[in-house]
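None of the figures in this text is laboratory data; all of them are computed from the coordinates on show. Keep in mind it's a predicted model, so treat the numbers as computed, not measured. Counting neighbours? That spans all protein chains shown, and the Cβs are built from the backbone with ideal geometry, glycine included.
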Amino acid sequence: MEATHRDPVWRSRADFIIATPIDPATTAVATEQLWARRVGERQFEICCIPFFAYNLALGDIVETTPEFMAERVIEQSGRYVFRVFLAEATPKETTTSALASLGALMEWSSPNLLAVDAHNEPLAKCIADYLQEQEDRSILAYETGRS
């Protein structure tokens, strides 16, 4: 199975779609398509918030194989990724409004999986504090995009 991005946050910047393999131990997804902007022959800026790939973030520059599979990060953007898993009964608008008010960028993978981007460490700390508070109240579960 391949994960796709229907509404990448930097769609207007993107001019290419690359892919990255996903660890089969973490999900049934085998690869994730990533919207990207070509910056070299095999170098691309990530233009979406990864749903399943670890150690990749919006704005990272990656090098790909000749088949356009992400091989390694060559320049980190300094951005942070969170994955938020919302229960069926969770009022999604409340969560997304709160995250947006903090300054987060977001992409939905499914009705219950939200990828969240923070552009710097202070914002990431605010988002993590909010998400932890919500997790402590059993409203959601979350993880970071770093392994």
**OP:** Match the structure shown to one of the listed values [x] -0.55, -0.63, -1.02, -1.13; [y] -0.70, -0.78, -1.07, -1.15; [z] -0.73, -0.83, -1.19, -1.25 of log10 I(q)/I(0) by the Debye sum over Cα atoms at q = 0.13, 0.14, 0.18, 0.19 Å⁻¹, computed from it, and give that label.
**Re:** [x]
Original post:
Which ³J(HN,Hα) values, rounded to whole Hz and listed in residue order, are derived for segment 91-104 from phi using the Karplus coefficients 6.51, -1.76 and 1.60 in 6.51 cos²θ - 1.76 cosθ + 1.60 with θ = phi - 60°, glycine and proline given as x?
Top reply: x, 4, 4, 5, 5, 5, 5, 5, 5, 5, 5, 7, x, 6
Subject >> Under Karplus coefficients 6.51, -1.76 and 1.60, residue-wise ³J(HN,Hα) of segment 9-26 in Hz, glycine/proline x >> reply: 5, 10, 3, 5, 8, 6, 9, 7, 10, 10, 9, 9, x, 10, 4, x, 6, 9
Subject >> Top positive-direction residue, dipole computed over the chain with Cβ charges, set L113, L99, P66 >> reply: L99
**OP:** With only Lys, Arg, Asp and Glu charged, each at its Cβ (+1 for the first two, -1 for the last two), find how big the charge dipole of segment 80-144 is about the Cα centre; round to the nearest 20 debye.
**Re:** 60 debye
**OP:** Putting +1 on Lys and Arg Cβ atoms and -1 on Asp and Glu Cβ atoms, find which of G40, T20, G78 reaches farthest to the positive end of the dipole of segment 15-132.
**Re:** G78
Subject >> Neighbour-count order for I18, I46, fewest beta carbons within 10 angstrom listed first >> reply: I18, I46
Original post:
Taking neighbour counts of Cβ atoms within 10 Å as a proxy for exposure, in what order, fewest first, do M1, M69 appear?
Top reply: M1, M69
Original post:
So, with +1 on the Cβ of K and R and -1 on the Cβ of D and E, and no other charges, what is the size of the charge dipole of the chain about its Cα centre, to the nearest 20 debye?
Top reply: 240 debye
Original post:
Residues with beta-carbon under 10 Å from that of V73, excluding V73: net charge, scoring Lys, Arg +1 and Asp, Glu -1?
Top reply: -3
Original post:
Rounded to the nearest 500, what is the chain's calculated 222 nm mean residue ellipticity when only DSSP H runs of at least 4 contribute -39500 (n - 2.57) each, over all residues?
Top reply: -6000 deg cm²/dmol
